[in-house]
Amino acid sequence: MAKIRVAQSGTAVAPLPGKIRKLSPTARHCALWALLLVDSGMTAQQALATAFSSASSVACSAESSGLAPVERNLCSELVYGYLRTELRIAFILSRVLPRPQSLPHPLLHVLGLAVYGLLFQDKVPDHAAVFSAVETAQALYGQGLARVANGALRSVQRLADAPMHEDFYLPHGAEAGCAEHMALFYSLPLWIMGHWYKHYGRDAALQLARRSFDRPWSAVRVNAQYSAAMSLREALLASGGEAVGQWGIAFAPGAQPSAVCGQSLHDLHREGALSYQSAGSQLVLEELGLYGWEKPVWDVCAGFGGKTVALLERRIVVPLATDRSMQRLAGLPGQCSRLGLGCPSVALTDAVKPPLEHWDGHMLVDAPCSGLGVLARRPDIRRRPPHEGNSHEGLQQSILFSLAAKMRPGCQMAYITCTLRPNENEKQIEHLVRESDGLQVLRQWQTPHEHPWLEGMYGALLRKV
């Protein structure tokens with residue numbers, strides 16, 4: 001079998017930048033630009049934003065209108081879908097190409113995007129996916145490699161639906177259903193699948209893998225302070241949504257309505273009636289009981305402020321939001337203004353060395369983590385090397401111990417991650433409680449492994465006694 005080659009984020013790639021930039025700004029070309037940016041170290045979200053900006057610049061210079069909204073949506077689907085299925089696609093290409101590792105890396109992305117279209121995009125005609133890839137290969141590399149691209153994609157078509165079945169990915173000499181086999185089928189690095197097999201067992205590991213492979217659900221959170229909040233919630237549920245906690249509504253892929261109550265979701269968002277927030281992030285706050293908090297809250301790792309404003313909407317007092325990235329915090333005042341909420345004080349702070357001697361209230365710690373619970377929504381995490389899975393543990397431990405020392409008796413701390421690794425979750429809490437005086441675990445919650453679409457979240461609520 002030919003060696004499977006997949007780029008890792010941060011790997012240097014030489015993508016013939018001049019020719020790449022001269023490609024017309026179509027959805028597929030923008031997807032190629034974005035994937036090359038992911039190769040260079042950007043997240044998928046950052047890469048798409050940069051690619052869309054580049055497409056607009058190219059369009060302006062050519063006096064055209066740039067990517068239409070439908071083209072942007074297609075580009076986003078291609079990038080996120082390709083990254084979710086990248087290892088599976090690389091395996092398929094290794095079956096139809098004698099030496100895929102000898103081809104230019106951008107060409108492998110061109111082929112991979114086409115394979116994604118052939119296998120996973122019912123609305124895209126097969127001939128369109130093949131034609132676009134061959135045309136791009138010709139523009140970048142000439143007739144010779146265009147013929148290679150055409151031959152490879154015709155071979156994939158001749159495989160029919162074989163690549164949609166598990167047995168296609170069984171490595172030679174391996175046992176069916178082993179971690180290596182299922183890692184290929186669900187397009188996961190072996191270190192992730194092996195970790196889940198070891199800690200959760202095969203059945204739970206496959207449930208988690210299936211959830212990470214499927215397209216993610218979208219979710220909104222109705223602003224409880226909005227004058228017609230209950231009517232809006234009921235309308236969203238009636239349009240096919242599924243309730244998440246008290247004010248959240250989740251939608252299956254492609255099922256989110258474009259408008260309710262006579263207004264577009266875009267306008268409702270702009271007016272502060274709702275916000276976009278993942279279902280798991282909403283539910284963990286409910287499950288830990290944080291909406292019952294009565295003392296002032298310090299959001300220690302506030303990030304973009306999604307959980308800060310969720311608490312504020314429920315009339316929880318949040319006087320302080322901090323993070324080590326001012327770029328993330330910078331949008332919080334605007335969010336609060338949009339939602340009609342008072343904005344907390346915002347400060348750039350290292351949670352390992354908090355500037356406060358004590359905090360007379362509760363703490364929310366949405367800790368940096370490996371993100372293995374949100375692989376469907378952030379598929380570029382798959383590209384991270386194995387050692388990064390361990391790199392967060394020391395930071396989390398330092399944050400927890402530093403903040404525990406600032407807690408007053410009777411106050412609580414909520415610790416939240418979006419990962420599925422015991423060493424970052426329950427074992428961190430066990431170690432903290434064992435090594436600290438006067439800390440008590442009130443509650444722990446984790447997304448049920450069998451849940452078909454909810455993001456993998458973990459939360460623990462502790463009290464200083």
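The values are calculated or read from the model by the stated rules, or taken from the named source; none is laboratory data. None of these values were measured; they are calculated from a predicted model. Virtual Cβ from ideal backbone geometry, glycine too; neighbours counted across all protein chains shown.
Computed values, structure above
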item	result
Number of the condition not met by ALA174 [criteria: (1) of a type in the set (Gly, Ala, Ser); (2) modelled with pLDDT of 95 or more; (3) closer than 30 Å to LEU108 by Cα]	(2)
Condition met for LEU37 (over 29 Å from ARG158 (Cβ atoms) and in contact with a Ser or Thr (Cβ under 6 Å, 6 or more places away or on another chain))	yes
Any hit, the stretch 42-58, residues being in the same structural domain as THR85 (by TED's automatic domain parsing), modelled with pLDDT under 75 and not hydroxyl-bearing (Ser, Thr, Tyr)	yes
Any hit, the stretch 163-186, residues being out of contact with any strand residue (DSSP E or B) (no Cβ under 6 Å at 6 or more places or on another chain), crowded, with 16+ Cβ neighbours inside 10 Å and assigned to a loop (DSSP other than H, G, I, E, B)	yes
Count - residues of the stretch 187-199 that are touching a residue at least 40 places away in the same chain (Cβ under 8 Å) and either assigned to a helix (DSSP H, G or I) or under 20 Å from GLN446 (Cβ atoms) (or both)	6
Considering residues of the stretch 233-277 that are within 22 Å of PRO333 (Cα to Cα) and of a type in the set (S, T, N, Q) only, the residue surrounded by the fewest Cβ atoms within 10 Å (Cβ to Cβ)	GLN277
Sole residue being buried (at least 22 other Cβ atoms within 10 Å of the Cβ), touching a residue at least 12 places away in the same chain (Cβ under 8 Å) and of a type outside the set (A, V, I, L, M), chosen from ARG221, ARG202	ARG221
Only listed residue being of a type outside the set (S, T, N, Q) and touching a helix residue (DSSP H, G or I) at 6+ places or on another chain (Cβ under 6 Å), chosen from MET164, MET193, MET230	MET193
The stretch 125-148: number of residues that are of a type outside the set (Asp, Glu), over 15 Å from LYS19 (Cβ atoms) and touching a helix residue (DSSP H, G or I) at 6+ places or on another chain (Cβ under 8 Å)	7
Criterion: modelled with pLDDT of 95 or more and β-branched (Val, Ile, Thr) - qualifying residue of VAL124, VAL148	VAL148
Some residue of the stretch 173-184 being more than 20 Å from ALA27 (Cα to Cα) and either touching a residue at least 60 places away in the same chain (Cβ under 8 Å) or in the same structural domain as GLY81 (by TED's automatic domain parsing) (or both)	yes
3 or more residues touching a residue at least 60 places away in the same chain (Cβ under 8 Å): qualifying strands (runs of 3 or more DSSP E) within the stretch 297-412	297-299, 362-366
Residues of the stretch 244-280 that turn out to be in contact with a Lys or Arg (Cβ under 8 Å, 6 or more places away or on another chain), under 20 Å from SER227 (Cα atoms) and among the small types (Gly, Ala, Ser), as a count	3
All positions within the stretch 282-330 that are surrounded by fewer than 18 Cβ atoms within 10 Å (Cβ to Cβ) and aromatic (Phe, Trp, Tyr)	TYR291, PHE304
Residues satisfying the stated conditions in the stretch 361-408, i.e. among the β-branched types (Val, Ile, Thr) and under 23 Å from the mean Cα position of the chain (by Cα)	VAL365, VAL374, ILE381
